[in-house]
Amino acid sequence: MMTNKKIAFVIHSLGRGGAEKVVSELSIYWQKKGYELTIIVFDNEIGYPIAGRLINLNLPSGFGFIERGLILLRRAWQLKKVYQKNKFDLIIAVMETASFPSILANHQTVASNHCNPDLYFSKAEWKIASYLFPKTKKVVCVSQVAMQAFKNKLTNSIGLITIYNPVDFERLNFYAKQTAKIKLEGKYIIAVGRLEQQKRLDRLIQAYADSKLKYEAKLLILGEGSLRNKLQEQIKNLNLLEQVLMPGNIENPHPNIAGAEFLALSSDHEGFPMVLIEALAIGKPVISTDCATGPNEIIQHGHNGLLVPVENTLALRDALDELYFNKALHQYLSINAAASVAHLSIDAIAANWEALAWRG
């Protein structure tokens, strides 16, 4: 066991998102291996358990182009001082709000991207990326599609690699066996995600409203966000107040995922959605829109789940009914679920990071 390696994560905050979950998983795993962990944040929001020392630079995002530019430079200056003092062996900066200032502070930064830049990057971010990314040690992409987007836009001298998000199967199964926070009578399907436009939960609710499934099972939506009132109004107008439940965020959604018939994701776009991986890892089949990026690199259609076109509510409705009422299909997908994501185990993904860090 190595005990002399010092690893730093840099991330805007540790709120409840997929990239933040990756930092949580890897920090806990690497601390158990004997590495010395430091997590540097700009905003002290903590939504997941972490291991190691936490440093809050207290430099939250600003408003307007000039203010954001000044904050980027202040972040870089503060990071440079932390790096000079601590002499980290590996610096992983997660998402561009962290990677841009970290690269300015230290060119040995590994920049970890967690989105499809074709969808998320502004013109200014593409310009900054084209200047900074070739200077950094590596740029780690969350999916093959995201990596291709960078290849299409940036110089070939950039060090691009794809490393998928990890899952600690042992911890996940432990959490899944706990008592469910939300108690439901009868059968239900589940969706987990922020109540924001990207997730298109309005589309899922409409597909559910049009399905035969609604007479057999409830729809449980776990998450919180700015569209709560709008979604609740939709549910009311569709006369689904008894069937569609939105209790908000819960700390451990995994027992409710384990108790569901299956999980559905209806997003317009994703990075590499952890919720799909986690549902499959505990033996649940999934339905997802075939959005960019991630789902079609996780779901093998007809083997561990079903993929539907992004803007096709009728196809989503049909998939909901097919997976619920076709018991043979449901059983087949369930049997294949966990094995289909075995390659995303924390051991395998952490080993990829270590190979990149120590031998890359």
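Points to keep in mind about this one:
- In percent, rounded to a whole number, the relative contact order of the chain is 14, using alpha-carbon pairs under 8 Å and six or more apart.
- Inter-label distance, nm, simple model (7 Å from Cα along the C-beta direction), residue 332/residue 300: 1.3 nm
- Computed with every protein chain present, the accessible area of residue 318 is close to 80 Å² [probe 1.4 Å].
- Couplings 3J(HN,Hα) for the range 67-74, derived from phi with the Karplus relation 6.51 cos²θ - 1.76 cosθ + 1.60 (θ = phi - 60°), are 5, 5, x, 5, 5, 4, 5, 5 Hz, where x marks Gly and Pro.
- For the chain, the fraction of 1.4 Å probe accessible surface lying on carbon and sulfur atoms is 51 percent.
- Helix 327-340 axis, angle to the chain major axis (alpha carbon atoms, nearest 10°): 10 degrees
- Neighbours of residue 14, meaning other residues whose beta-carbon lies under 10 angstrom from its beta-carbon, give a summed charge of -1 when Lys and Arg score +1 and Asp and Glu score -1.
- In the chain, the calculated helix contribution to ellipticity at 222 nm averages -12500 deg cm²/dmol per residue, counting -39,500 (n - 2.57) for every DSSP H run with n ≥ 4.
- Using a probe of 1.4 angstrom and keeping all protein chains present, the accessible surface of the chain works out to 44 square angstrom per residue.
The values are calculated or read from the model by the stated rules, or taken from the named source; none is laboratory data. Because the structure is predicted, anything quoted here is derived from the model rather than measured. Glycine also receives a Cβ, built like all others from the backbone with ideal geometry; neighbour counts cover every protein chain displayed. The area values use the complete protein model at the heavy-atom level, side chains included, leaving out ligands, DNA and RNA. Shrake-Rupley method; radii C 1.70, N 1.55, O 1.52, S 1.80 Å.
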